[in-house]
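The values are calculated or read from the model by the stated rules, or taken from the named source; none is laboratory data. Computed from a predicted structure; not experimentally measured. Here the Cβ is made from the backbone with ideal geometry for all residues, glycine too, and neighbour counts use every protein chain on show. Just so you know, the surface numbers come from the protein's heavy atoms only, side chains and all, with ligands and any DNA or RNA stripped out. Shrake-Rupley method; radii C 1.70, N 1.55, O 1.52, S 1.80 Å.
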Amino acid sequence: SPARTALAPREAAARRKGKARRGRGKARNEGLLNKQKRSRRMKANDRERNRMHHLNSALDALRSVLPTFPDDAKLTKIETLRFAHNYIWALTQSLRLA
């Protein structure tokens, strides 16, 4: 057929062997691809774990400076943020009145 004669000799040979080239060059080894995906996922999980550790440490530091009653009550994350916002607002108001 005319389409087959228009193929470059290397592509024609690859098609005859059933290994036509696709897309961007060499086909990657599937095992290598899976290994890379697993490695990327593990790195992303590690970054997320570190991010959460830092966030939790910052919230713990914030909890330590907020006046809570009773002292052993641990506020949730959202409660800590809301309490800090309200506490800062109250301190600001008291400074304005003073």
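Filtered by the rule that a residue be β-branched (Val, Ile, Thr) and open to solvent by 90 Å² or more (accessible area, probe 1.4 Å), the range 79-98 gives a lone residue, ILE88. Looking only at residues in the range 25-78 that are in a helix (DSSP H, G or I) and in contact with a helix residue (DSSP H, G or I) (Cβ under 7 Å, 6 or more places away or on another chain), the one that is surrounded by the fewest Cβ atoms within 10 Å (Cβ to Cβ) is LYS77.
The single condition among (1) at pLDDT below 95; (2) not polar (S, T, N, Q); (3) not in a loop (DSSP other than H, G, I, E, B) that ILE88 does not satisfy is (1).
Looking across the range 29-85, the residues that are among the aliphatic types (A, V, I, L, M) and modelled with pLDDT under 95 come down to LEU32, LEU33, VAL65, LEU66, ALA73, LEU75.
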